[in-house]
1. If Lys and Arg each add +1 and Asp and Glu each add -1, what is the summed charge of the other residues whose beta carbon sits under 14 Å from the beta carbon of LEU71?
2. In whole percent, what relative contact order does the chain give with Cα contacts below 8 Å and a gap of six or more residues?
3. Hey, can you rank 400-412, 377-389 by average C-beta count inside 10 Å, highest first?
4. Solvent-accessible area per residue for the chain at a 1.4 Å probe radius, Å²?
5. Work out how much length ASN395 to THR222 would gain on full extension: take 0.36 nm times their residue separation and subtract the Cα-Cα distance, in nm to one decimal.
6. Ignoring ligands, DNA and RNA, how do HIS145, HIS545 rank by accessible area with a 1.4 Å probe, largest first?
7. Could you tell me which residue out of VAL425, LEU116, THR255 lies farthest along the dipole of the chain toward its positive end? Charges go on the beta carbon: Lys and Arg +1, Asp and Glu -1, centred on the Cα centre.
8. Taking the full set of protein chains and a 1.4 angstrom probe, give the accessible area of ARG474 in square angstrom, rounded to the nearest 10.
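The values are calculated or read from the model by the stated rules, or taken from the named source; none is laboratory data. If you're wondering where the values come from, they're calculated on a predicted model, not measured in any experiment. Glycine gets a Cβ as well: all are built from the backbone with ideal geometry, and neighbour counts include every protein chain shown. For accessibility, only protein heavy atoms count, side chains too; no ligands or nucleic acids. Shrake-Rupley method; radii C 1.70, N 1.55, O 1.52, S 1.80 Å.
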Amino acid sequence: MRLQGAKRRLQWYMEEPGSPYRVYYHYAMILLVCLSIWLLVLEVQSAGTPLQASFTTFGDLVTALFAVEYLLRWWVNTSLREDYRAAVVAYHRSHYQDRRPVEILHGLSFALLNKLRWMSRPSSLVDLVAILPLWPAFHTLRVLHLLKLFRYSRRVSFFSNIIGERSYEMVSLLYAALTIWGMTAIAFFIVEHNVNERVKTLGDAVYWTIITITTVGYGDITPVTDTGRFIASLGVLMGMAVTVMLTSLIVSVFTDRVFNLKEYHMEQKIARLQNHFIVCGLQALGQFTCQSLLSEQRTFIAIDSDQERVDLALAEGWIAIRGDVNESRTWERARLSSAAGVISTILNEATNVYIIMMAREINPKCFVVACGNQSNSEQRLLRIGADRVVSPYQNAGQHLAQTAIRPNALQFLNLALNQGYADLVVEEIVITPGAVFDFTLLRDSRLREEYNAYVVGILSQGVKMLHTPPPDYRLIAGDVLICLGHKLDLERLKQAARQIAIDNVIGKLEMAQIWVGPKSSLIGVQLEDAEFRSHYRVQLVGMVHERKVVFKLDSKARFSAGDVLICLGFREQLDIMRQQVGDFAQTPMNYLNLELERIHVPMRSFLRGKSLRNAMLRSNFACTVVAVQPSGGDLSLNPMPDYRFAGDEEILCLGSRPDLDRLKGVIG
């Protein structure tokens, strides 16, 4: 069993393409090949000196290592025992009688035949030739160690794979070439043997044929008879024809393989795309769109049905595929399910309708921008599901008119929208829940003092746009700030707006009591169906039911009129829930003897690998997980029940002091 285990491990290291050790093993063997050739050169240079014997010894040692490798490969690639047993069982089942000697012979022949098949592979033959220099008679064959690079180097094996793909055609052409060359050599020898003093043997004629047909022509052997000249001319023409066909075959195979490699690398790039943009159409408008995305350093993939335009995009270094946007397969290749947005530069309204419907079906969260070439196209496309509709002709006409009327103002805006001009850019800054600016007055955010950013507008909760917002406006999560400033300053601001820390969250969370009135929508709803996290972004910590405070909540329990919900969240989220559910009263956390505690989850914690639902922290410890922040990652507020702990993360828990201490002791 130990021997079989060692055999499987060796096979994993040496043969399996998915093994991480195989790459390092190949690098080591490539170094040995280079070392062998270097020692051979030093051996030749030091001929007649005492160092020659040392170089020869070291070279033989490298060859011995190649011999050990060959024997190990011979051992691990096929199993004599398993092949023998399989052959005997198959023979016995097919003949239904016990013929022991015949079964043994059949099993041995089958097992040995598998070994011979492995030994007859081109790569195995190369390995066998590489160990021949161990015998003194083949010592000079050490230069053939270079052939082992075909096994270890993917770039070198690329050529051997190409030859292997068209081996039948190449063998046929080589057979024809050898036939023509042989006929030419024999005919030349017969005609010139007794006349030409330089043609003494058939080997001279073969040498002349090869030199002549390959157009090298040293001139040391030339025909002296008319028949010899005719044979030479005919042989050269026929040989050149075969050579041209062989060259054309090799070039066509190389072209196909290079194209396939480009396709493979393109598919690999597409497979790694996340939060990318999909640009539909590569006409002039689509090309300008791609250039703008490129200047913004955004990843994108372009789709077009015209192969010529796709080739031009690939020549620019863009990721582009040829496909029909009306086919679902095209969207699968473009990874629409993980895209951040879809930009359609196609002016055909019917095609845009299909693009919008496909985007909403596969990825409802992606941002869809479509083009409309008619005055009433915008409203129709917006009703179907587009987030924005742009009319190129209308926008271009307005821009031309405004440029003529207000040239300086338009120049200012053009500079702000041009990413090549870093001194002034316009940027969208999204306020993340729990970030530094969340629930902060605009005057207290110090955006101008610390980031040199000018807030020219705020999209409040994605609904209302505020132009020149007042200083007493309170920034809340979900607001989008339209800022002007230097490119580097705004990049710092974007990072600060995204950074969330548990310490920032603790000071901004509030506890509230929400009374379930007689007309509340929660009456009769089970706790697990209430969706407090996903719908209101708040945590239900406990509830007062029939004048009893309950913290260990039953997911099957139903709400009734008069219940008081004890919820934890940000003030604006609690306000939204109060408006939709019932009355509201703010409650200090210490009123219920509840505290927020930051707990570190180590890699060896019992929580690692478990989902928040299966961890059962609320039922076992009466503690609620309010936020989770993985090591080096973003903080997740109100994590969903299917969140899975990975270890080495911080969690923010709410509970009484004894329960929190008990949980910390178990987790640590």
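1. On the way: positive: LYS7, ARG73, LYS115; negative: GLU69, ASP127.
Charge balance in the 14 Å sphere: +1.
2. 6
3. The most tightly packed comes first, giving 377-389, 400-412.
4. That works out to 57 Å² per residue.
5. Extra length from ASN395 to THR222 when fully extended: 54.4 nm.
6. Numbers: HIS145 0, HIS545 60 Å².
Sorted by accessible area, descending: HIS545, HIS145.
7. LEU116
8. The accessible area of ARG474 comes to roughly 100 Å².
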